[in-house]
1. Just checking, how many residues over segment 36-59 are touching a residue at least 40 places away in the same chain (Cβ under 8 Å), outside any loop (DSSP other than H, G, I, E, B) and away from the ligand (no atom under 16 Å from the Cβ)?
2. Taking the conditions exactly as written (open to solvent by 40 Å² or more (accessible area, probe 1.4 Å) and over 26 Å from residue 114 (Cβ atoms)), does residue 233 satisfy them or not?
3. Under 6 Å by Cβ, and 6 or more places apart or on different chains, what pairs join a residue from segment 255-280 that is closer than 18 Å to residue 342 by Cβ with one that is β-branched (Val, Ile, Thr) and open to solvent by less than 50 Å² (accessible area, probe 1.4 Å)?
4. Is there a residue being closer than 27 Å to residue 321 by Cβ, in a loop (DSSP other than H, G, I, E, B), out of contact with any Pro (no Cβ under 7 Å at 6 or more places or on another chain) and open to solvent by 10 Å² or more (accessible area, probe 1.4 Å) anywhere in segment 251-259?
5. Any residue in segment 201-222 that's closer than 15 Å to residue 251 by Cβ and part of a loop (DSSP other than H, G, I, E, B): show its pairings with residues that are more than 16 Å from the ligand (Cβ to nearest atom) and open to solvent by 40 Å² or more (accessible area, probe 1.4 Å) at Cβ separation under 9 Å, as long as the two are six or more apart or on different chains.
6. Considering only residues that are within 16 Å of the ligand (Cβ to nearest atom) and in contact with a strand residue (DSSP E or B) (Cβ under 7 Å, 6 or more places away or on another chain), which ones fall in segment 2-28?
7. Exactly one condition in (1) touching a helix residue (DSSP H, G or I) at 6+ places or on another chain (Cβ under 7 Å); (2) outside any helix (DSSP H, G or I); (3) not acidic (Asp, Glu) is not met by residue 139; state its number.
8. If I go through segment 144-159 residue by residue, how many of them are more than 16 Å from the ligand (Cβ to nearest atom) and outside any loop (DSSP other than H, G, I, E, B)?
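The values are calculated or read from the model by the stated rules, or taken from the named source; none is laboratory data. A quick note: this is a predicted structure, and the numbers were derived from the prediction, not measured. A quick note on method: Cβ atoms are made from the backbone with ideal geometry, for glycine too, and the neighbour counts reach across all protein chains shown. Just the protein is used for accessible areas: all its heavy atoms, side chains included, with ligands, DNA and RNA removed. Shrake-Rupley method; radii C 1.70, N 1.55, O 1.52, S 1.80 Å.
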Amino acid sequence: MFSQLPPGFRFGTSTAAYQIEGAAHEDGKGPSIWDTFTAEPGRIKDGSTGDVACDHYHRWEEDVALLGRLGARGYRFSVSWPRIQPDGRGPANPRGLAFYDRLVDGLLEVGVQPMVTLYHWDLPQALEDDGGWLNRDTIDRFAEYAHIVGEALGDRVEHWVPINEPNVVTLLGYGMGMHAPGKALLFDSLPVAHHLLVAHGRATVALREHGATSVGCANNHAPIWPASDSDADVGAAKLFDALWNGMFAEPMLLGRYPADLAPLMEDLVQEGDVADLRQPLDFYGVNYYNPMKVAATADDAPMPFELLELLGYPTTDFGWPIVPDALREWLILFRARYRAALPPIYITESGCSYADGPDADGVVDDQRRIDYLEAHVEAVATAIQRGVDIRGYYTWSLMDNFEWAEGYTQRFGLVHVDYDTQVRTPKKSFQWYADLVAAQPQTEQD
Ligand code: GCO
C-alpha cells in the first residue's frame, strides 16, 4: 500500500487515561483536575464526565486482546498521576501501580510495545489546590512521580512521553479556560509553559535513571496560516505560531525560547532551568490534526490574535479541516528548520472524528476514516521520501472515548464504543488498519 515506508516503520494507536479508564474514584485513585472540571455545570458539551468513560480500568484485558487482533506494534497510553499518587506527592498507591504493571505485561504478551505518556492532562487536584502548573513546586512533584513510574515500568516500556501537548495545557487549560483547570489568564498563563518545559526535562532525566532508552515528546503542532497577507494578519499568525509551535519545539530542541517570546519568559528562567529543559530527545513526537487560520484583532481585544474557521476544505464531523498536504509540507519545513537538532520523528497522534455507528447488521462503515488515514499516511510516506526521518504513525484513537470539553459527542476510534453497554465494535477502519500493518515489512527486532 505504501511501498515507500521503510521496513520496521511502526504503526500504532493512542489513548489517554482520563479519556478511557473510568474508575475515577476506585482503588485509591485521588481526584484529578478533570474530575473537578467535568463536575462544574456548563464545562462539558453533553454534561458528561470520565467517571466511567470506556471502563478500560475493568475491561483492559478485552482491549489488549483487540490490540493483539489489530496487530499494530505500538500502543500509546497514559498513566493517571492521581492513580499513582492520589495527592500528587508521597508514596505510590500500590493498586494504581499494579494496574499499569498488569497492562504493560498484557501488552507485551500480545506483541505490542508500550509508549507511555506520564502526563495527559489529569493533574492531581491537590496540586492544583496549591497552584498547579503555575506553581514551580509542581516541577519537583512531577520529577518525583516520574521516578516512581520509571522505577516500576522502566524495564519494559519501549518509548516514553513525559507530557502530552504542553501547548494545549498552557493555552486551553490556563490561558483560555476551555480545559481543566478552567483558568482564563491569557498571557499570565506563560509561567505554566516554562514549568511544563522544565518538568519535561526533569522527568526525562528521572526516566533515564531507571533505564529508559527512548524518551521523546508529543507536541501538538499545526501550520499557522495568516487570514490575509496584510502586515497585521501576518504578524498575528507569526506570534501565534511562536506560541503554539515554537514555544515548545525551540526550548526542547535548541534550549531557547523563540525570539518574539524570550522577553516575556526571561524573568521565569531560573539558574539551571535551561540545562534541565533541554534534554536531548530520542524521538520527537508530533500530534497533527490540521492547519489553523489566524487573524489580527482590534487593539483593545484581550488577545492580539484570533482563530478563524479555515474554509475551502472538507471537514470531519468535528468541523476540523482535512489537509493532509499541510502535514507533509510542515514535516519537511520542520526538518529544514531544526536539521541536526531534530531526532527521528514519530507521529504520536493523527486521527479524525466521525459519528458512524453500527448498522442493522452491526457493521460500522467508517469509510471516511479510512480515506482520512490513507491520505495522512501517504503524506507521511512522501515526507519520508523527501528526507524526513519518520519512524512511526500512531493514530488517535484505538477506541471512541471522552473527548474533553466535547464529552462523548465526538468519536475518534478505530473501535466503536457503546457507552450504555460498553460493547466494543471494531469499525471497518480497524480491519483496514490491520491490513495496512500486515502489509508493512517488519525488521527482525520489531
Ligand atoms: C489532543 C489530545 C487528545 C484528543 C485528540 C482529539 O491532541 O487534543 O492529545 O487527547 O482527544 O487530539 O482532540
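1. Here the count works out to 3.
2. Judged against the criteria, residue 233 is not a match.
3. Short answer, once both residue conditions are applied: 277/198; 279/204.
4. Within segment 251-259, one or more residues are closer than 27 Å to residue 321 by Cβ, in a loop (DSSP other than H, G, I, E, B), out of contact with any Pro (no Cβ under 7 Å at 6 or more places or on another chain) and open to solvent by 10 Å² or more (accessible area, probe 1.4 Å).
5. 216/282
6. Passing the criteria: 12, 13, 14, 15, 16, 17, 18, 20.
7. (2)
8. Counting residues in segment 144-159 that are more than 16 Å from the ligand (Cβ to nearest atom) and outside any loop (DSSP other than H, G, I, E, B) gives 10.
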